[in-house]
Each structure stands twice: as C-alpha cells, then as structure tokens.
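Below: one structure, written as structure tokens.
The values are calculated or read from the model by the stated rules, or taken from the named source; none is laboratory data. Treat the numbers as computed from the prediction; the structure is a model and nothing was measured. FYI the Cβ positions are ideal-geometry reconstructions off the backbone, even for glycines, and counts take in every protein chain you see.
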Amino acid sequence: MTNQFDYDVLILGGGPGGYVAAIRSAQLGLKTAIVEKENLGGICLNWGCIPTKALIRNADIVHLLGQGKTFGFRFDNLEVDYRVAVKRSRQVSKRLVKGVGFLMKKNNITVLNGFGKLTDPHTLDVDGKSVTAANIILATGARPALLPGMEADGERIVTYRQAIVQDELPESIVIVGAGPIGMEFAYVYNAYGVKVTVVEMLPHILPNEEPEVAQVVAKDFHKQGVRLLAATRTEGIEVTDSDVKVRVKDLESGSEETIITSQVLVAIGIRPNSQGIGLEAAGVQVNERGWVPVNSVMQTNIPHIYAIGDLNGKMPLAHVASAQGVVTAETIAGVDTAPIEDYSNMPRCTYCHPQVASLGLTEAQAREQGYEIKTGSFPFQANGKALGLGEREGFVKIIMDAKYHEILGVHMVGPEVTELLPEMSLARMLELTPEEIGRNVHAHPTLSETLMEAAHAVLGHAIHI
C-alpha cells in the first residue's frame, strides 16, 4: 500500500476476530501485524467457547452414565473427577492456541506481545514502542458485566473466566443469568453433582429464544434437578465467611427469598473493552454504553479504523467476530466482499442438554415486522435416529413468510441441533424456500431428516406426523 507506515494493517487484539482478520489480510498481500497482551485466540479459545465445550463433553458422558437402565448397564462404584475434566479442557485450549501461533508464522504475520493503545489515528503504543499502520483494526473484545456494586473475588463470586479454570466444585451455586453461558455452566455443574439454581430476570430462560424452545430446555433441566427461577430479579448478594446470601424477588408475585449458596456465577452479559485503548486520541466515537458504532464493513467514524467482534456490540459471538474480520480485511484490500447488513441471519447456539440452535426471527418478531407467517414443526420423537440415540426431546420449527415462502426463522432444540443449523443458514443465504429443502433428499436414518420434515410441515404436508 504505502511505505509511509510500518504496516498496511495493524490489529489490536488476537481473538477470533483479530487473528482471522490478520490471516485474511496476509492472504491478500497486506503487510500485517497483530498486538495481543495475553493469549492468541482471545477469550474464545482460552476461556470461553472451546474449554466450555470440552467440559460439556465430559458432562455429556457423565449424564449418559446416569442412564444405565435405559441402555442396559449398571455399576456400583462410579467415580467422576472434575479435576480431570478441567485439565482436559485446558489441554484442548492450549493445542488450539498453539495452532493459531503456527498460523501467524505460516502467514508471515508479526505478533507483538504487549498492551496496545492508540496515540493518534495511525499509531499504536505497544508497551512503550510506537508502531504505525495505514489501517487499524480494533478487536479488543469485551469483559463480563457485573451487577451494580459487585466485585468478582474469584472464590465466592465468579465470572465465566474464573469458573472455567476452577477445578474444585462448590457444593452449591447460584447462576445469575439464563443465557447460553449460564445454562451451559448449569448443565456442567449439575452433571457433576452441584446443587444448581439459575436466576433469570426476564420471563423465561434463554430469553432470546422462542418461548417454546425455552420450555423444552426448562422441562429437561427440571428433570435433571436444576432449579430455574425465571421472572426473578437478583436484589442483592452478601458474601459471608462461610457462604453467599443471594436475595431474589419474584417479579410476578412480588415475594422475596434469600438463597444461601457456596458460590455465585454472574452471567448477565458483557461490557466492551473500549476504555483505556486511546479511542479519544484517534477520534474514534463510542456510544453511551461504550460500544464502537460501525457500518456494514466495520468502519468506525474514522474510515481507516475498523472495529470488529464484541467491541462493536453487533452480536457478541465468536463466529460473528471471525466473519467481520474477513469482511474488514477484504474491504481494506479493495477486493469483493460481503458486507454484513442483517445480523438476524447469524447462527445462535447453546450447547447445554438439550442443545439449542436458531437463526432469523422468532414468531413474535416476524409479526411485529408485519409479516403474515406460516409455521411448521417436526418433533424428534418421530425421528428414528433420535429414538435410536435415546434423545427424543425437542423439535425443529420453521417460520415462513406466507406470501413469498421466504424462510424468516429457524428454531431447534434437541440432539446435536447445533450441527444441523448450517444447512438452514446456507438456505437463508441462498434464499432457498422450504419447497427446495423438502425436495432435497436427506439420508435415512439421520437427525437431519427433521429439517426436511419441518419443511414439509410448514407447507402443510408433513409426511411422518
């Protein structure tokens, strides 16, 4: 691009948005560097997506071992060691982080270890050393949000980052927040014998999902012994020498209760890491909540400075950050790209048991936007593969525009639905209709047949129900 600067592209933050942006930039012939203060891979690889999925795999096995009567086995001396589960999860993370480091070398990307801060629109100070670039990509991510006046001490009150590495489980835990993080930890802890209570202020757990999806998960969690308190607000938390007292209020009845527990995990959302990185010095605007506004190609108000991932507040998911990183790199390089206008198309997944996967609009959202809709569902209890697996709970639901048969939303709960979602995501991107999905022959017996059957159902001619 120019010899005026040290690099064509300089990326602040090595998470799934930052390192993907770096790789794509390098592939497109741009001289690229990435600044990371801690670990390549960011929260996702080190403290979030990846280690939690490793723990969930362990929990799945423990859960399955509890179904001996169904599958014809029994034993009297089962011992499960959570320390081993945590150790395995850390090994999985380290392996992937090492792989990211290899990819940096393979693509000739300079890795600058240290804390980076903007000093002007083209310059970062990295631990006292100035580095310049024609284009800067901000990928600093976010941190856990806490309740007002609360501090996470890492022992009695923890966030996901602290919880993911603790290898000694509490006797009991209250999880504040029933989004994906809260529900995934609830599943893992309960599988290992922890007494779990989940508190959610909104009317139902997994509040961003269809209510009927949440009902299936709630029913299964109740069977597993997890206490779920929806429409319940956390009024106060008091840490004592021996326990934690959590005061909650039922928002429907007005009644209050104090729950005494060993530990509290706060999973109520995130706050952007937009402070202390020199945005003011570079003239980059933030909104009242600290997020950095961007356009469809991730440009901030300063055209050569971009913000990707959790920092821009569009949709705080690792795969969204990676997609934004690719779009940003291609925009800088001046090649064809696919600007991201509609985030409702992005897949959303929760990896508890049963799994949840969705994209697009809920029924309520579709009606609010003025659509006349048709819906069709197919239950896993009518699917041969699901019955063979012993996983009959849940369903696949398609929401369709009645006039043009556009797929407006897909909502799934049940076995491995996070692996089924890409077919529907691709269908949305290619503007396929349920007619085409229904005509596509799906192998039998597979869980994917539920997608075909739901497509038939929304058209009014389901085959197997």
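When V327, V335, V266, V286 are checked against the criterion of being surrounded by fewer than 17 Cβ atoms within 10 Å (Cβ to Cβ) and either of a type outside the set (G, A, S) or in contact with a Ser or Thr (Cβ under 8 Å, 6 or more places away or on another chain) (or both), V335 stands alone in meeting it.
Taken over segment 1-26, the residue count meeting the criterion of being in contact with a helix residue (DSSP H, G or I) (Cβ under 8 Å, 6 or more places away or on another chain) and of a type outside the set (F, W, Y) is 16. With respect to the stated conditions, A281 is surrounded by fewer than 20 Cβ atoms within 10 Å (Cβ to Cβ), part of a helix (DSSP H, G or I) and in contact (Cβ under 8 Å) with a residue 40 or more places away in the chain. Just one of the listed residues (S344, S322) is in contact (Cβ under 8 Å) with a residue 12 or more places away in the chain, surrounded by 20 or more Cβ atoms within 10 Å (Cβ to Cβ) and among the small types (G, A, S), namely S322.
Does I399 satisfy the criteria of being modelled with pLDDT under 95 and of a type outside the set (D, E, K, R)? So I399 fails the test. Looking across I56, I43, I50, one residue alone is assigned by TED's automatic domain parsing to the domain that holds D120, in contact with a Phe, Trp or Tyr (Cβ under 6 Å, 6 or more places away or on another chain) and either under 19 Å from Y160 (Cβ atoms) or part of a loop (DSSP other than H, G, I, E, B) (or both). It is I56.
Of everything in segment 212-246, what is among the basic types (K, R) and under 20 Å from M183 (Cα atoms)? Give them in sequence order. Within segment 212-246, K219, K223, R227, R233 qualify. Of the residues making up segment 74-97, not a single one is surrounded by fewer than 17 Cβ atoms within 10 Å (Cβ to Cβ), of a type outside the set (A, V, I, L, M) and either touching a Lys or Arg at 6+ places or on another chain (Cβ under 7 Å) or not assigned by TED's automatic domain parsing to the domain that holds A26 (or both). Counting only residues that are under 14 Å from I305 (Cβ atoms), part of a loop (DSSP other than H, G, I, E, B) and more than 26 Å from the chain's Cα centre (by Cα), segment 1-40 holds 1 of them.
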